[in-house]
Every structure is written in C-alpha cells, then in structure tokens.
Amino acid sequence: MILRGEGMRVKQISLFLENKSGRLAEVTRLLGTNDINIRALSIADTTDFGILRMIVSNPDEALKVLKEGGFTVSMTDVIAVEVADQPGGLGAVLQVLQDNGINIEYLYAFLEKSSNDALVVLRVEQIDEAINILQAKGINTLKGEDVYSL
Amino acid sequence: MFWQKELECMPREELRKLQLDKLKETVQRVYDKVPFYRQAFQAKGVEPGDIKSLEDLRKLPFTVKQDLRDNYPFGLFTVPMESIVRVHASSGTTGKPTVVGYTQQDIVNWSDQVARSITAAGESSSSMVQIAYGYGLFTGGLGFHYGAERVGATVVPISGGNSKRQLMLMEDFGTTLLCCTPSYALNLAEEAHENGVDFSKLKLKTGIFGAEPWSLNMRKELEAKWGIKAMDIYGLSEIMGPGVSYECICQKGLHISEDFFLPEIINPETGEPLPYGEKGELVFTTIDKEGFPIIRYRTRDISILHEDKCDCGRTFVRMERVTGRTDDMLIIRGVNVFPSQVESVLLEIGETEPHYQLVVDRKGTLDELEVWVEVSDKMFSDEVRRLEDIERKLRQEINSILGIGAKIKLVEPKTIPRSEGKAKRVVDKREI
C-alpha cells in the first residue's frame, strides 16, 4: 500500500536562536543527554537571530526537552524526498514542483542515505498536494518513522 | 537681565498674596466648569471656599496623567472651544495622546514665560535665535518660537534634524542663541567638528537646552565644545510647555514662574508635601491659565525646591535640575516614552503576556532605543521571513506610537531578567 498525504509527513523541530555564543552547543547537549540523535539540520540566520531546523530520532521527546530547556521551539511538517545521487537529480524534483505551482520555502539535505539515493528535506505550504504530485511522478518520499530511525 | 522685573523680583509676601488670589479664582473656576474636578473635590470633601491660604492647597486632590486620558480630548478645558486657539499633545500609551489647549491669553503668558528664560540667559531683541526643537504637537518648537518673537529676536524656525543645514545657517545667519535638546546640541557640535566648521567664526554665545534630563558634566562639555553659556529650561505640556522654570545667569537652579505656577514637592509614596530643601516629586498647580488649568499635577519628576533668594535678584523659588522619575518613563531625544506604549503594540499583534525590555543607550551623542522582545511560541515560525515580518511590523507600530525610531531585537525566552516574577521594563545605559 502506498501511503499518501498525511502519512508521509515528517516532523521537523524548529528552534529560535539568538546570535550569541554557546546556544547551539546547549541545544546539542540537551539532545545528547536525552539520547536524541540529529538526522539532519540546517540553520537560517539573519544578522540578529537564527532559526535552527532539525530532523531528529524522536521529535516529540525533542520538543519537550528543548521547551523545558527554555527554548522557543515548534514542530513543523516537512517532506523527506529521495533524490537520485547524480547531476540533475535535485533539479528533476524541483522541476516537478515548479510545474505544479508549488513554492518551496526552504530545503536542506540529510547526511545519511536510506539507499543509494540522497535524501532532501523540503518545506512547502501545500504539503499533502506536494507529496501526491511527487509520488504520482514516481519520486519517493519517506515516512516519518523511516526517517527518524535512519 | 529681566523680561518682567517687577514680577520676577516681586517681594515674596506680595507674591504670596497674588498667588492666593489667583489660586482661589482657579479653584472656583475648575469646580464650576469641569465635572472631573467637581467630583474629585467632592470625593475629598473639599470645596472652593475651603481654600483660605496657600497652605490649603494640600487639601485639594492630585491630578495624574491618566486623568487627562480619561477626559480625552477636551474634557478638562474650562473654556468653550471657540476660545481655544491652539492645542498641543504628547504621545499616548494606548494610541491616544494627552491633549492640552491654550487661549489667546495663555499663548501670550506662555510667550512671556519663555521670554523670561531667553532674557535671563542674556539674550535680547538683537539675538538671532535658531530653534532646533521639533515643531508640531510637541510644545518645544512653537513654545520657543513664540517666546523668542515676544522678545523681538529674529527667529530661525529650522526645527530638528538636518545637521548640515543647521550648521550652515548658524554660520551664515550669525545665530547667537541655539535652542534644542542638550543631546542634539552635543551631536551638532560633533558634526561641526567633523565638517571643519570654524568655531571662531560663529557668533553663538548661548544655548537654552531642555526637554530631556542632562547633567552638569554635559553642561561643561557643551560650554567647552561650543564656547557658549549652556542654560537649562524646564517645562511640560500638561502645565504649559517649556518655560515653567528657567535658569538665570547664576546657573543655580531653575526659577519657577511662580506668578503662574504653584510648585510643591511631595513624598511620592504618601503624597505628603515636603519642606523646601527636601527631595521628592514635583507637583504643579497652574493659577493663571484659561484654557487648561490643572490642579496639583503629579509630574513624576524628582527634584528639590529652594526658597532662598538668588544672586540675580529673582525671588521665584528655584528647582534643582530633575534627577529622575518616580515612574518608568524614559525621555529619548526629547520624547516621552513609556514601556506600556510598547506593551500595547505587542498586545495588538496578539501577544497575551509579552516579555519585553526597553534598552536605551547613548551612541556617540544621540540616544538610541532598542526594544528587546522575547520570541514566544506564538510569534515563532520556522520561516525567517515571518519573523522578519514581525520585526518590521513591531518597528513600524512602535515608531508610529512613540514618534521615534527603535531597533527591534528578538531574543530567546527568559533573556529578560525577572525580579520577583515581574520583568524589568527599562534599562537606561546612558551616562549623562
């Protein structure tokens, strides 16, 4: 059975970081002591602040731990897409989304792979629509559980 | 030099008689014309007839800024609007400003009060007066403008800002008297220095600086940098505007125009009047104002009154320069700023319990305001542009409510220190 829409969403942890030293280290320390593994991460920064986005092994626990640690944290649904690990691989995925009028807010890559393909996190507004379109085009998206336990 | 010597040097006994007559008239009038005062007097069980001496002033209830807001916009005026020739206003805490009104005679009296200041500073009808206070609802610009014209001086109504132009006109016109906030005067001096202005060619000899607190050190610095005499002036729109009190050439405190205003110093905790020489909150009652008289207005400014006669010959009581506030109001570039104004903006964008702090610092010579806002879950987004949108919105709203620009700094939760559960709303890093 092919999981569609809802079932293919991946939970991402986002966190507000002031641009001051030691804050990122504090996040990783909190996750580490609570046995939570970081699967993928990216930081978007401006001159004054940054937003840390992560895919972790246990998002619900991470949300709780980081909130208790005094951070502003939120959970957002994103898509994990398998991308052929070859020139033009990502381009093919992006073309499909563009053709269907889906805007990408941001994207970043996993370090690990689930297969021979590379793995990319996509953040879009119309998430279920995007998943359906990608799958219809034969592009594989991963379930949350599969991504957390990579 | 004196503008109205017979009044400014009136023997105190005579002055007290004049004050009592004017006080009685004012009290009767506000009681008759303004429901707010009648109710407040009745609540305290006092009637106009109870005022038999100046000491009876303490029987009257205080008026506070909130009372002005509650009676917005014209509820405390004692004359019909056709007799009001001008209104001024200061920025409000929830978008509504506090409004004051003047009759033709009030404007004449106010002009005389400012004229006293200009004359006491050694300037005269032959002066060239550059007014770099803001013109508009703020009383600074127009208050000085009318006072300087009353003296017969030549007025350059340049208003604030545009330093290069200020310096050019100062040089070309031969400005003798500069009127602005002390911090702007310092800023101008630095710009003049950077632009290679030849100070020896300037005719400037006096500055009358006010609308924000400054120190003796700042006075020394201003006098040294410009080669002028730097004079202090005090006022607030609720009472009149600039010129409620003014410095004479002795520079030993500011003479209060006591033929128009009755000053008191009170204990801000208990409201009890304190004797001369003791530090407390300044309270003013206007005793010769038609449009907007005010009874025992609590200024929240902290000062000390001195009754002993000044070397200049003036008999008016002197107040020491204001050393602080009893509330959390900040004065930034001459503008009154309350933390609650910032809070109202945060509430407007949907924050139910906003955590924020106003940090004011002096960068070079100009005051800069930073508003620190803790990012709540509600405000937060994983998208940079949404947070930047919030920053921009806050900046615009705060700018429009305060009338001055502020830098918004989004900070992590619990960044702003709480004392006993209550956050500290104001950090003033200025060393003035």
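Filtering the stretch B:356-400 down to residues that are in contact (Cβ under 8 Å) with a residue 60 or more places away in the chain and out of contact with any helix residue (DSSP H, G or I) (no Cβ under 9 Å at 6 or more places or on another chain), which residue is most open to solvent (accessible area, probe 1.4 Å)? So that I can check it myself, show each step before the final result.
Within the stretch B:356-400, the subset in contact (Cβ under 8 Å) with a residue 60 or more places away in the chain is B:356-362, B:364-367.
From what is left, the residues that are out of contact with any helix residue (DSSP H, G or I) (no Cβ under 9 Å at 6 or more places or on another chain) are B:359-361.
Details: B:VAL359: 11, B:VAL360: 0, B:ASP361: 43 Å².
Among those that are in contact (Cβ under 8 Å) with a residue 60 or more places away in the chain and out of contact with any helix residue (DSSP H, G or I) (no Cβ under 9 Å at 6 or more places or on another chain), it is B:ASP361.
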Report yes if B:PHE316 is away from every other protein chain (no Cβ under 14 Å), surrounded by 16 or more Cβ atoms within 10 Å (Cβ to Cβ) and in contact with a helix residue (DSSP H, G or I) (Cβ under 7 Å, 6 or more places away or on another chain), otherwise no. yes
Looking only at residues that are assigned to a helix (DSSP H, G or I), open to solvent by 50 Å² or more (accessible area, probe 1.4 Å) and in contact with a helix residue (DSSP H, G or I) (Cβ under 9 Å, 6 or more places away or on another chain) in the stretch A:3-37, which one is modelled with the highest pLDDT? A:THR33
Evaluate the stretch B:396-406: report whether one residue or more is modelled with pLDDT under 90, within 30 Å of B:GLU221 (Cα to Cα), away from chain A (no Cβ under 14 Å) and assigned to a strand (DSSP E or B). no
So, of the residues in the stretch A:43-66 that are within 13 Å of the chain's Cα centre (by Cα) and surrounded by fewer than 17 Cβ atoms within 10 Å (Cβ to Cβ), which turns out to be farthest from the other protein chains (Cβ to nearest Cβ)? A:SER57
Of the conditions (1) over 28 Å from B:TRP214 (Cα atoms); (2) touching a His at 6+ places or on another chain (Cβ under 9 Å); (3) part of a loop (DSSP other than H, G, I, E, B), the single one that B:VAL373 does not satisfy is (3)
Among the residues of the stretch B:226-241, are any modelled with pLDDT of 95 or more, assigned by TED's automatic domain parsing to the domain that holds B:SER159 and in a helix (DSSP H, G or I)? yes
Quick one: how many residues across the stretch A:97-111 are surrounded by 11 or more Cβ atoms within 10 Å (Cβ to Cβ), more than 14 Å from every other protein chain (Cβ to nearest Cβ) and not aliphatic (A, V, I, L, M)? 3
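Got a sec? Which of B:LYS52, B:LYS24 is assigned to a loop (DSSP other than H, G, I, E, B) and open to solvent by 20 Å² or more (accessible area, probe 1.4 Å)?
Matching residue, one of B:LYS52, B:LYS24: B:LYS52.
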Need a quick list: strands (runs of 3 or more DSSP E) entirely within the stretch B:276-368 having at least 3 residues that are under 30 Å from B:GLN105 (Cβ atoms). B:279-286, B:297-306
Condition set open to solvent by 10 Å² or more (accessible area, probe 1.4 Å) and under 19 Å from the mean Cα position of the chain (by Cα), scope the stretch B:108-131, selection farthest from B:ILE208 (Cα to Cα): answer is B:ASN109
Cβ-Cβ under 7 Å, sequence separation 6+ or interchain: first residue in the stretch A:67-96 and away from every other protein chain (no Cβ under 11 Å) and without any contact (Cβ under 8 Å) to a residue 60 or more places away in the chain, partner in a loop (DSSP other than H, G, I, E, B) and open to solvent by 40 Å² or more (accessible area, probe 1.4 Å). Which pairs? A:VAL83/A:ASP117; A:ALA84/A:ASP117; A:ASP85/A:ASN116; A:ASP85/A:ASP117; A:VAL96/A:LYS137
Give the residue, chosen from B:GLY253, B:GLY235, that is open to solvent by less than 20 Å² (accessible area, probe 1.4 Å) and out of contact with any Ser or Thr (no Cβ under 6 Å at 6 or more places or on another chain). B:GLY253
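The values are calculated or read from the model by the stated rules, or taken from the named source; none is laboratory data. It should be emphasised that the depicted structure is a prediction, and the values quoted were computed from it without experimental measurement. Positions of Cβ are generated from backbone atoms using ideal geometry, with glycine treated the same way; all protein chains shown enter the neighbour counts. The area values use the complete protein model at the heavy-atom level, side chains included, leaving out ligands, DNA and RNA. Shrake-Rupley method; radii C 1.70, N 1.55, O 1.52, S 1.80 Å.
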